[in-house]
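Chemist: First, the structure itself, so that you have it in front of you.
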Amino acid sequence: MSSRIRVLTVGMTEPFNRALGSHPEVELHITADPQATEHAARSLAGIVRGVVPYRLARHKIDLSAAATLRWAVREYRPDVLQIYLARDLAAALLATTCLRNPPQLASFRGIQRRVSLFDPGDSLTFGHPRVGIHLCASHAVRQAMLESGLAASRCHTVYDTYRTTPTLGRAALSAWNIPPNALVVGCIANMRRVKGVDLLLRAVLECNDLEICLVLIGQILDREVQTLVEDPRLRDRVRLLGFQGEAASLISGADLFVMPSRSEGLCVALLEAMSHGVCAIVSEAGGMKEVVRDGQDGIVVPREDVAALAKAIRTLCLDADLRRYYAQSAAKRVAGEFSGRRLAERVVDSYRAAMAAARPERNHLWRTTLGRHLWRRG
């Protein structure tokens, strides 16, 4: 094993690639859409060794995607093939079948749902025995994997990181007619029921005596949220910004960031808001309570508890000093524990442990007559 780990990432986020490629022990290649390879190479110049043109798998049995990955593995000989999406993980498993010296396959798991070995989709991806390591976005995600029956040695909490964006402050929201004296409560999400934005709207209704402006960034995909924002008592207090490419910079103009999810692996939007020094209120769902230490970096409330959420909003609305204290602590916390450098350190440690534990011949199918035939053909 060489001193540097050769890694090929498939579908991983730009912050992940940037962090991992900056680690001195990693030689990184990445995949990118064929129309975006030049842009990816420019944006990560000096960080990645090469960019492989690759269209993300359309489904879990995508022979074209598998063929591209097989070529890339044979061309670049990675030690680790790091995959983000489940369908690309299935393509990677197909691509590395019957290779004599296959790379270590690593998944990234960001949701808290358990894996079921009785689900054909899971058995082709996260539950497959040839996936040697699962990088988990939080301890809550890892616990769900362990409860699914996966070995603890294969599941590693690495957390996630965030993209650094300019802090624009209240000026970032000037186009949306925010009342000058209002406390701005922000939330970034594709507003499905699991995100609990309906709970946030109900909590704001309970704070009707306070001057609050609620800024919602993202698509509304929950009928209850759509009904609530049309309530006459809320209509003038809510700003719907829709999808925004620079959502993180916009949220820097908020006084509070609230994420009342019913379930959450780890919310990257929360990390982005905290990095801008925005005070946070979150539910105890999933990994968010691992990020926000209650009473130190913000306030953690029980899931689906509108009264507790309204009380937290009221408390911070009326206490500017407490908001500033939490905001300063939050910014220091994410800059330290959830930085790209810390992510890369955890990931590399996980790779090293998995590679040391792996037997030299992880895939014995090459020994069969069919395996040797396929291996010779490449």
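The values are calculated or read from the model by the stated rules, or taken from the named source; none is laboratory data. All values reported here derive from a predicted model rather than from experimental measurement. We place every Cβ from the backbone using ideal geometry, glycine too, and count neighbours over all the protein chains shown. Accessible surface areas use protein heavy atoms only, side chains included; no ligands, DNA or RNA. Shrake-Rupley method; radii C 1.70, N 1.55, O 1.52, S 1.80 Å.
Chemist: For Thr68, what accessible surface area do you get with a 1.4 Å probe? Give it in Å², rounded to 10.
Modeler: 40
Chemist: Further question on the same structure: Mind grabbing the accessible area of Asp321 for me, 1.4 Å probe, Å², rounded to tens?
Modeler: Accessible area, nearest 10 Å²: 100 Å².
Chemist: Go ahead and estimate [θ] at 222 nm for the chain from helices alone: -39,500 (n - 2.57) per DSSP H run with n ≥ 4, summed, over the residue count, rounded to 500.
Modeler: Numbers: 16 runs with 148 residues, N = 378.
Computed ellipticity for the chain at 222 nm equals -11000 deg cm²/dmol.
Chemist: At a 1.4 Å probe radius, carbon and sulfur cover how many percent of the accessible area of segment 1-160?
Modeler: On the way: 3700 of 7040 Å².
Carbon with sulfur: 52 percent of the solvent-accessible area.
Chemist: Scan around Gly132 for amide H atoms under 5 Å from its own, H built in the peptide plane at 1.01 Å from N, and keep only partners 5 or more places away or cross-chain.
Modeler: Result for Gly132 returns Leu105.
Chemist: Size of the dipole of segment 54-169 about the Cα centre, Lys and Arg at +1 and Asp and Glu at -1 on the beta carbon, nothing else charged, in debye to 20?
Modeler: 180
Chemist: Please list His29, His128, His134 in order of solvent-accessible area, largest first, computed with a 1.4 Å probe with all protein chains present.
Modeler: Accessible-area ranking of His29, His128, His134, largest first: His128, His29, His134.
Chemist: Another one. Would you rank Tyr162, Tyr351, Tyr84 by solvent-accessible area, highest first, keeping every protein chain in place and using a 1.4 Å probe?
Modeler: Of Tyr162, Tyr351, Tyr84, the descending order of accessible area is Tyr84, Tyr162, Tyr351.
Chemist: Something else about it: Starting at the first residue of segment 163-177, write each ³J(HN,Hα) from the Karplus equation 6.51 cos²θ - 1.76 cosθ + 1.60 with θ = phi - 60°, in whole Hz, x for Gly and Pro.
Modeler: 8, 6, 10, x, 8, 9, x, 4, 4, 5, 9, 4, 6, 10, 6
Chemist: Can I ask one more? Keeping all protein chains in place, calculate the accessible area per residue for segment 243-345 (probe 1.4 angstrom), answer in Å². The partial results should precede the final answer.
Modeler: Details: 3720 Å² over 103 residues.
Computed with neighbouring chains in place, this is 36 Å² per residue.
Chemist: Cα gyration tensor of segment 161-250, axes a ≥ b ≥ c as square roots of the eigenvalues: rounded (a/c below 1.5), prolate (a/b > b/c) or oblate? Please list the in-between numbers first.
Modeler: Values: a/c = 1.98, a/b = 1.20, b/c = 1.65.
Taking the square roots of the gyration eigenvalues as a ≥ b ≥ c, segment 161-250 is oblate.
Chemist: Another question about this same structure. At 7 Å along the Cα-to-beta-carbon direction for both Leu117 and Arg4, put a label point, then send me their distance in nm to one decimal.
Modeler: 3.9
Chemist: Arranged from highest to lowest average of other beta-carbon atoms within 10 Å per residue, in what order do the peptides 104-113, 266-275 appear?
Modeler: 266-275, 104-113
Chemist: Work out from phi, with θ = phi - 60° and the Karplus expression 6.51 cos²θ - 1.76 cosθ + 1.60, the ³J(HN,Hα) of each residue of segment 311-318, listed in order in whole Hz, and give x for Gly and Pro.
Modeler: The phi angles translate into 5, 5, 4, 4, 4, 6, 5, 8 Hz.
Chemist: Okay, moving on. At 1.4 Å probe radius, can you tell me the per residue accessible area of segment 84-188 in Å²?
Modeler: 41
Chemist: How do the peptides 207-220, 136-149 rank, highest first, by the average count of neighbouring beta carbon atoms within 10 Å per residue? Don't jump to the answer; show the numbers that get you there.
Modeler: Numbers: 207-220: 17.9, 136-149: 19.9.
So the order, starting with the most tightly packed, is 136-149, 207-220.
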